[in-house]
Amino acid sequence: MHSSHILLSALMGALAATGFAMLFSVPRRALAMCAICGAAGVTLRIVLLQATGGAVHIAMATFSSALMVAFLSEILSQRTGMPPAVYSVAGVIPMIPGGYMFRSVTYWLSIASDNAEAYDLVVFSESMHLAAMALLILAAIALGIAAPNLIFYRRRPEA
Amino acid sequence: MSETRNFTRKELNRMAKVLLKAARILMENGAESRRVFETVREMARALGLPQTDVLLTHRSVIITVAAGDEAVTRIVRVGTLGVNMEKISEMSGVFRQLSAGEMTPDALEAALDALARREEPYPNWLRMIMAALACGGFCVISGGDARAFVSCALAALAGLLLRRAMMLAHFQPMLSVFSAAFLSASLATLFTRFTGSAAPSAGVAASVLYLVPGVPMINAVADLVKGHLMTGLARAMTVVLTAGFVASGLVLAMKLWEFNY
């Protein structure tokens, strides 16, 4: 395992989480914890992927990490009285699959990049593959973050 | 407050107005539907209202408060949808004070008005710089080098400035998103080329990530899985539209500047 790579990613995860936390106007006193949530999420995901040699699907690793961030946010929320979303939303942001989304769109559009009748089936299927990965990861993030709420707050009926 | 007491029509009207203020603040600052529903319902209970019903759509809130033979229905239009976690967080504080019985309806209205007017916790320049650095962070996470980091952060900063300027000039939000994506991707393409970055596509991809609607995306899924289909679908559609405009700006820039990924 490349520990320097993990450390760098954790730092960058903290930076990304803090930046987006400020964009979302998170209260000042929650900012440090947002950074920690961001770093923890990215780190757990990399460790899960590397420790298993890629046997775990990235969406599953992302779901586990988002779940951890969500539970961490629940605990922080209990302590500070701020809603868990204050921490969890910024915390999962660094896991957004920007690379997959980018390559999927560019591949997809490159099948229509000139006036020719023919198109490249390989490029097309690659684009679909990347889009499926990006969607799975996004769904994993959103479901992971919603999970504690679905598990713990069942007593009150929906309004 | 106590058991069911009688409310005059005027009082009910007043209560409906105050509850809508709370709902509007939550909606405008990025709360999920469940939080809006629960806050309004619990506040109504704390105010002693026997029956309250709320209907949320993506850009308006309708409320009916009833007591005895009287019922009042009001509707409020929800303005620009932004994200401000501090306001959402402060709302829990207001609610706790109210349910502890420390607030009269007048005090509640005053607190809500103060909350609505509350200033952003960070100066704009700082938010933009930090958001630009966050995009740089994304770039490194997805395999970018130091040169890609710098290119990406500068390109994102330019796009953030453009988007802010266009917002202030009241351009259509989607047009601002498209223009900002185009500018950021163009500059990222040129900067990564100029600096000779080894991972230009990580830099270009991350330069538009500040435009990705993260909060609506998370709220859309939260709403959908919790049964708020109407607001969930509206939010999901907003996400798809925004993502489409970001992708268009990005691809147009890459075509124009002949970026080879």
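The values are calculated or read from the model by the stated rules, or taken from the named source; none is laboratory data. Treat the numbers as computed from the prediction; the structure is a model and nothing was measured. Glycine also receives a Cβ, built like all others from the backbone with ideal geometry; neighbour counts cover every protein chain displayed. The accessibility values were calculated without ligands, DNA or RNA, using every heavy atom of the protein model including side chains. Shrake-Rupley method; radii C 1.70, N 1.55, O 1.52, S 1.80 Å.
Here's a check for you: in segment B:133-192, which residue that is within 19 Å of residue A:95 (Cβ to Cβ) and of a type in the set (A, V, I, L, M) is surrounded by the fewest Cβ atoms within 10 Å (Cβ to Cβ)? Steps first, answer last, please.
From segment B:133-192, those within 19 Å of residue A:95 (Cβ to Cβ) are B:133-144, B:149, B:152, B:156; that's our starting set.
Checking which are of a type in the set (A, V, I, L, M) leaves us with B:133-134, B:140-141, B:156.
Details: B:133: 21, B:134: 30, B:140: 24, B:141: 26, B:156: 33.
Within segment B:133-192, the match that is surrounded by the fewest Cβ atoms within 10 Å (Cβ to Cβ) is B:133.
Quick check on my filter: what residues within segment A:84-133 are crowded, with 21+ Cβ neighbours inside 10 Å, within 22 Å of residue B:208 (Cβ to Cβ) and of a type in the set (A, V, I, L, M, F, W, C)? Talk me through it step by step, then tell me what you get.
Within segment A:84-133, the subset crowded, with 21+ Cβ neighbours inside 10 Å is A:84-107, A:130.
Adding the requirement that they be within 22 Å of residue B:208 (Cβ to Cβ) leaves A:89-107, A:130.
Those that are crowded, with 21+ Cβ neighbours inside 10 Å, within 22 Å of residue B:208 (Cβ to Cβ) and of a type in the set (A, V, I, L, M, F, W, C): A:89, A:90, A:92, A:93, A:95, A:96, A:101, A:102, A:105, A:130.
Residue B:29 - would you say it is open to solvent by 10 Å² or more (accessible area, probe 1.4 Å), of a type outside the set (Phe, Trp, Tyr) and within 13 Å of another protein chain (Cβ to nearest Cβ)?
Working: open to solvent by 10 Å² or more (accessible area, probe 1.4 Å): yes; of a type outside the set (Phe, Trp, Tyr): yes; within 13 Å of another protein chain (Cβ to nearest Cβ): yes.
So residue B:29 passes the test.
Please go through segment B:58-92 and pick out each residue that is touching a Ser or Thr at 6+ places or on another chain (Cβ under 9 Å), away from chain A (no Cβ under 14 Å) and closer than 30 Å to residue B:163 by Cβ.
B:58, B:76, B:77, B:78 - these are the residues of segment B:58-92 that are touching a Ser or Thr at 6+ places or on another chain (Cβ under 9 Å), away from chain A (no Cβ under 14 Å) and closer than 30 Å to residue B:163 by Cβ.
Condition first: in contact (Cβ under 8 Å) with a residue 24 or more places away in the chain and closer than 28 Å to residue B:81 by Cβ. Now tell me which residues in segment B:143-172 satisfy that. So that I can check it myself, show each step before the final result.
Narrowing segment B:143-172 to residues in contact (Cβ under 8 Å) with a residue 24 or more places away in the chain: B:143-145, B:147-152, B:154-161, B:163-164.
Passing the criteria: B:152, B:155, B:156, B:157, B:158, B:159, B:160, B:161, B:163, B:164.
What's the number of the condition residue A:128 fails, among (1) away from chain B (no Cβ under 11 Å); (2) under 12 Å from the mean Cα position of the chain (by Cα)?
Just one mismatch for residue A:128, condition (2).
Within segment A:88-118, how many residues turn out to be within 30 Å of residue A:152 (Cβ to Cβ) and more than 9 Å from chain B (Cβ to nearest Cβ)? Write out each step before concluding.
First, the residues of segment A:88-118 that are within 30 Å of residue A:152 (Cβ to Cβ): A:88-97.
Going one step further and asking which of them are more than 9 Å from chain B (Cβ to nearest Cβ), we end up with A:91.
Residues that pass the stated criteria total 1.
Taking the condition among the hydroxyl-bearing types (Ser, Thr, Tyr), open to solvent by less than 70 Å² (accessible area, probe 1.4 Å) and modelled with pLDDT under 95, does residue B:64 pass? I'd like the intermediate steps shown before the answer.
Details: among the hydroxyl-bearing types (Ser, Thr, Tyr): yes; open to solvent by less than 70 Å² (accessible area, probe 1.4 Å): yes; modelled with pLDDT under 95: no.
So residue B:64 does not fit the description; no.
The rows are residues; the columns are (1) within 18 Å of residue B:186 (Cα to Cα); (2) touching a Leu at 6+ places or on another chain (Cβ under 6 Å); (3) assigned to a helix (DSSP H, G or I); (4) within 14 Å of chain A (Cβ to nearest Cβ).
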residue: B:94; (1), (2), (3), (4): no, no, yes, yes
residue: B:120; (1), (2), (3), (4): no, no, no, yes
residue: B:125; (1), (2), (3), (4): no, no, yes, yes
residue: B:129; (1), (2), (3), (4): no, no, yes, yes
residue: B:140; (1), (2), (3), (4): no, no, yes, yes
residue: B:144; (1), (2), (3), (4): yes, no, no, yes
residue: B:148; (1), (2), (3), (4): yes, no, yes, yes
residue: B:155; (1), (2), (3), (4): yes, yes, yes, yes
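Does any residue in segment B:250-261 that is more than 9 Å from chain A (Cβ to nearest Cβ) come within less than 9 Å, Cβ to Cβ, of a residue that is of a type in the set (Val, Ile, Thr) six or more places away or on a different chain, and which pairs are these?
As it stands, the answer is B:253/B:189; B:253/B:204; B:256/B:189; B:257/B:189; B:258/B:189, since those pairs meet every condition given.
Each row is one residue, and each column tells you yes or no for (1) modelled with pLDDT under 95; (2) more than 9 Å from chain B (Cβ to nearest Cβ).
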{"residue": "A:22", "(1), (2)": "no, no"}
{"residue": "A:41", "(1), (2)": "no, yes"}
{"residue": "A:53", "(1), (2)": "yes, yes"}
{"residue": "A:121", "(1), (2)": "yes, yes"}
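Residues of segment A:20-39 being under 20 Å from residue A:146 (Cα atoms) and open to solvent by 30 Å² or more (accessible area, probe 1.4 Å), which ones?
Passing the criteria: A:33, A:36.
Of all the helices (runs of 4 or more DSSP H) wholly in segment B:157-261, which have at least 2 residues that are assigned by TED's automatic domain parsing to the domain that holds residue B:138, aromatic (Phe, Trp, Tyr) and under 27 Å from the mean Cα position of the chain (by Cα)? Walk me through it before giving the result.
Values: elements: B:173-195, B:200-207, B:214-225, B:229-256.
Fully inside segment B:157-261 and qualifying: B:173-195.
Can you give me the number of residues within segment B:104-120 that are buried (at least 17 other Cβ atoms within 10 Å of the Cβ) and either within 18 Å of residue B:209 (Cα to Cα) or free of Cβ contacts under 8 Å to residues at least 40 places away in the same chain (or both)?
1
Among the residues of segment B:226-238, is there at least one that is within 10 Å of another protein chain (Cβ to nearest Cβ) and surrounded by fewer than 21 Cβ atoms within 10 Å (Cβ to Cβ)? Steps first, answer last, please.
So the first thing to find is which residues in segment B:226-238 are within 10 Å of another protein chain (Cβ to nearest Cβ), and the list is B:226-228.
Going one step further and asking which of them are surrounded by fewer than 21 Cβ atoms within 10 Å (Cβ to Cβ), we end up with B:226-227.
Among the residues of segment B:226-238, at least one is within 10 Å of another protein chain (Cβ to nearest Cβ) and surrounded by fewer than 21 Cβ atoms within 10 Å (Cβ to Cβ), which makes the answer yes.
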